[in-house]
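The values are calculated or read from the model by the stated rules, or taken from the named source; none is laboratory data. Treat the numbers as computed from the prediction; the structure is a model and nothing was measured. Here the Cβ positions follow ideal geometry from the backbone for every residue, glycine too, while neighbour counts run over all protein chains shown.
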Amino acid sequence: MTVPPPPPPPAASLAPAPPPALVGHATPGAAPVGPPASPGAPRAARLSARGLVKTFGTTTALAGVDVDLAAGESLAVMGPSGSGKSTLLHCLAGILPPDHGEVTLEGRAVGALSDRERSLLRRAHYGFVFQFGQLLPELPAEENVALPPMLLGAPRARALADARQWLVALGLGGMERRRPGELSGGQAQRVAVARALITGPDVVFADEPTGALDQATGADVMRVLTEATRAAGASLVVVTHDENVARWCSRRIEVRDGRVVAS
Ligand SMILES: Nc1ncnc2c1ncn2[C@@H]1O[C@H](COP(=O)(O)OP(=O)(O)O)[C@@H](O)[C@H]1O
Ligand SMILES: [Mg+2]
């Protein structure tokens with residue numbers, strides 16, 4: 001199976017205007033900003049996993065997990081520490097190959113791809129937000145955000161122009177040249193959200209995105225993450241053990257000992 005070449009990077013003129021909802025004070029569970037699904041139309045799963053099993057030595061991290069993620073949906077993967085949440089995210093995102101089972105993106109089997117194809121798929125179709133410290137510390141915010149499109153072949157000047165527009169859209173105007181160490185934790189996570197969305201991904205994966213933040217800052221980051229992802233038309237998977245994070249998502253599953261016990 002071959003992966004189509006990456007889409008051309010977005011033209012500067014297509015860079016996002018500030019998503020309108022970001023200006024207001026939306027609350028968790030507020031109505032989606034995007035167009036409503038046509039009534040009665042079946043929502044095909046964008047990302048699906050069937051029968052995922054993953055072991056590390058004698059530890060069974062995933063013991064047979066099925067997940068479906070619809071287009072535009074935000075899914076919270078909840079559960080206690082060690083239950084398999086991060087392993088599930090890594091398998092869904094094509095970072096870790098499962099021992100058994102299959103992940104499909106828009107019907108394409110990700111496991112059938114070569115390492116190179118899978119890495120290209122991640123760059124072109126996925127965005128990632130991790131707990132902390134995933135920005136390159138020596139690069140200013142705008143260059144951190146410009147990296148993903150540049151890795152896909154966008155000219156540096158255009159990638160930087162898009163990056164600046166994303167930073168302004170996410171409330172970081174004036175901070176474009178600051179390095180991560182010169183930003184607050186919440187600002188750094190906004191930079192990470194901009195970096196995840198700049199390539200126009202199909203799915204954004206976030207692993208404990210507020211894990212290093214206080215409650216109020218965490219809520220602010222979740223608002224920006226969920227609203228900007230929705231406005232960009234991407235689906236979202238958020239791994240968290242925190243109810244205050246999960247309530248921003250449209251659906252949740254609960255993982256215990258490598259199994260989905262509630263959804
Ligand atoms: N790379 C690894 N090597 C060995 N064990 C691992 C590895 N990654 C995860 N595990 C184990 O798999 C289980 C699930 O881990 P993880 O998916 O990180 O849980 P969670 O994200 O819910 O805290 C744990 O018992 C953990 O110790
Ligand atoms: Mg984890």
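Here are a few things to note about the model shown:
- Of everything in region 66-93 that is among the hydroxyl-bearing types (Ser, Thr, Tyr) and under 14 Å from the mean Cα position of the chain (by Cα), the residue that is farthest from ligand 1 (Cβ to nearest atom) is 74.
- Any hit, region 87-101, residues being surrounded by fewer than 17 Cβ atoms within 10 Å (Cβ to Cβ) and touching a strand residue (DSSP E or B) at 6+ places or on another chain (Cβ under 7 Å): yes
- Residue within region 125-136 that is within 16 Å of ligand 1 (Cβ to nearest atom), modelled with pLDDT of 95 or more and not in a loop (DSSP other than H, G, I, E, B) present: yes
- Within region 233-245, the set of residues being under 14 Å from the mean Cα position of the chain (by Cα) and surrounded by fewer than 21 Cβ atoms within 10 Å (Cβ to Cβ) comprises 233 only.
- Of everything listed in (1) touching a Lys or Arg at 6+ places or on another chain (Cβ under 9 Å); (2) outside any strand (DSSP E or B); (3) within 16 Å of ligand 2 (Cβ to nearest atom), the single unmet condition for residue 76 is (2).
- Filtering region 216-249 to residues that are part of a helix (DSSP H, G or I) and small (Gly, Ala, Ser) leaves 216, 218, 219, 228, 231, 246.
- Qualifying residue in region 101-124 (condition: in a helix (DSSP H, G or I) and within 16 Å of ligand 2 (Cβ to nearest atom)): no
- Subset of region 160-215 that is β-branched (Val, Ile, Thr) and either under 30 Å from residue 83 (Cα atoms) or part of a loop (DSSP other than H, G, I, E, B) (or both) - its residue that is nearest to ligand 2 (Cβ to nearest atom): 210
- For region 205-232, the set of residues classified as over 14 Å from the mean Cα position of the chain (by Cα) and either crowded, with 20+ Cβ neighbours inside 10 Å or not hydroxyl-bearing (Ser, Thr, Tyr) (or both) consists of 211, 212, 213, 214, 215, 216, 218, 219, 220, listed by residue number.
- The single condition from (1) over 17 Å from the mean Cα position of the chain (by Cα); (2) modelled with pLDDT of 95 or more; (3) not charged (D, E, K, R) that residue 263 fails is (2).
- Complete set of residues in region 49-67 that are in a strand (DSSP E or B), more than 14 Å from ligand 2 (Cβ to nearest atom) and either surrounded by fewer than 18 Cβ atoms within 10 Å (Cβ to Cβ) or β-branched (Val, Ile, Thr) (or both): 50, 51, 53, 55, 60, 63, 64, 65, 66, 67
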